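Enquirer: Sharing a structure here in structure tokens format.
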Amino acid sequence: MPTKTWLLADITTGRRFRRDLGDIRALADSIQNVGLLHPIVITPRGHLIAGRRRLEAVRSLKWHRVPVHVVALDDILRGQLDENTVRKDFLPSEVAAICAALRPREEQDAQERQMRGRICGGKRRHASLRESFTQAERQRVRVTDRIANYCGISGRTLEKIEVVLRAANENPQYRCYSEEMDRTRRVDGVYRRLSAALAAEALAAEPPPLPAGPFRVVVIDPPWTYHAKYAASSRAVPYPTMSFDQIASLPVPSLAASNAIVWLWTTNAHLPEAFRLIEGWDFQYKTILTWVKDRMGTGEWLRTRTEHCLLAVRGRPVFHLTSQTTVIHAPVREHSRKPDRFYQLVEEVCPGSKLELFARMPRKGWTQHGRLISRCAKPAARGLPLSA
């Protein structure tokens, strides 16, 4: 169908059934930037068949002539109906993909407009860092709004679509939301339900509140951070780890009584840090308990077959020593799970209330903090470290 140009003054709209023309300004901006992609459709006498919004947009731009397709159609009402119903709009995910493709060019254009404004404005004082960030955020919002307007939606709707798609890409369990959004073409409701699901997940991931204390005995099995080589191996720890500073900031001094005992588990690789923790918590090191395992593990210098637990005290705690030694022999079970013999030893020598931080198993008579891993849990089950 050949395209012609037609005087706007010679095009008549006649009776139209679409009352809400939507955001004509956004459409005019789009035409101003990328041109009129779809010519207006008229009869040979200049009666409008299709393209009322485009016609009003170019009128607002003060055009005198407009590209048109001339169609010999007597039933203008049928033309209006077909042009607005026999069509397939882009899915929300398709709109987001189009906007992502448009964004680099639009951001470049925005930077060029900003530079031209600075040149035309002459010398100006440097804005504060806060003002610079605010200006950058305003520019980001403006770019998002312009891109969204090209696709006939608001910038806020585009942001909601992007949140839904990002969640679906990062976590397969959220793909149902993006699929529902495309299937129903409804964004707001899907976005609200996804937001509620994300908030619930964040709350579930929070560590439980610390117990009040104080406790006579505190057992700590920190999720130590290992160097990159070990962390990348197939034997990497199956739970989130914590840095030394995060572990050191745990409120151990306030959780322990004035006369208390701390048992701090550590590996061979973290022995120096363990002693620093004890000193930083203002406890006095007394001795070390060594767990001899039934099989060897990993190691960079020697293959490890032992793990250690530092015993430290504050004040004058009660300690019932009989025949207990500095060695326990016990088999290896799930990752980081300590032997039952250790807890029996602590109960034998340390009377009073007991707290275990980063507990791996539930234990009767103890106050435990952290996500417990059941006895039948798979090795890959995630423990939950305390927040610093």
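Values quoted throughout were computed directly from the atomic coordinates according to the rules given, and no laboratory measurement underlies them. A quick note: this is a predicted structure, and the numbers were derived from the prediction, not measured. Cβ coordinates were reconstructed from backbone atoms using ideal geometry, including for glycine residues, and neighbour counts include every protein chain displayed.
Enquirer: Testing the spin-label approximation: label points 7 Å from Cα along Cα→Cβ at Phe319 and Ser258. State their distance in nm.
Expert: For the pair Phe319/Ser258, the computed spacing is 2.0 nm.
Enquirer: Still on this structure, I have one more. Tell me, what is the FRET efficiency for Arg185 and Val71 to the nearest 0.05, using R0 = 25 angstrom and their Cβ-Cβ distance as r?
Expert: Working: r = 29 Å, r/R0 = 1.17.
Result of the calculation: an efficiency of 0.30.
Enquirer: What list of ³J(HN,Hα) values in whole Hz, one per residue of the stretch 285-301 in order, does the Karplus curve 6.51 cos²θ - 1.76 cosθ + 1.60 (θ = phi - 60°) give from phi, with Gly and Pro shown as x?
Expert: Whole-Hz 3J(HN,Hα) from phi for the stretch 285-301: 5, 10, 7, 10, 9, 10, 9, 9, 8, 8, 8, 7, x, 8, x, 8, 9.
Enquirer: Work out the count of Lys pairs in the stretch 215-369 where the Cα-Cα distance is under 22 Å, with the pair 8 or more places apart or on different chains.
Expert: On the way: Lys286/Lys338; Lys286/Lys354; Lys293/Lys338; Lys338/Lys354; Lys338/Lys364; Lys354/Lys364.
Counting lysine pairs in the stretch 215-369 gives 6.
Enquirer: I've got another one for you. Can you give me the long-range amide H partners of Val219? Hydrogens built in the peptide plane at 1.01 Å from N, cutoff under 5 Å, separation of 5 or more residues or another chain.
Expert: Residues meeting the criterion, in which the H sits 1.01 Å from N, are Trp263, Leu355, Glu356, Leu357.
Enquirer: Turning to a different aspect of this structure: List the residues, sorted by chain then number, that are 5 or more residues from Ile49 or on another chain and whose placed amide H is less than 5 Å from its amide H.
Expert: Sorted by chain and number, the residues that satisfy this are Val41, Ile42, Thr43.
Enquirer: At a Förster radius of 45 Å, what calculated FRET efficiency corresponds to the Cβ-Cβ distance of Asn33 and Asp245, to the nearest 0.05?
Expert: Values: r = 51 Å, r/R0 = 1.13.
The formula returns an efficiency of 0.35 here.
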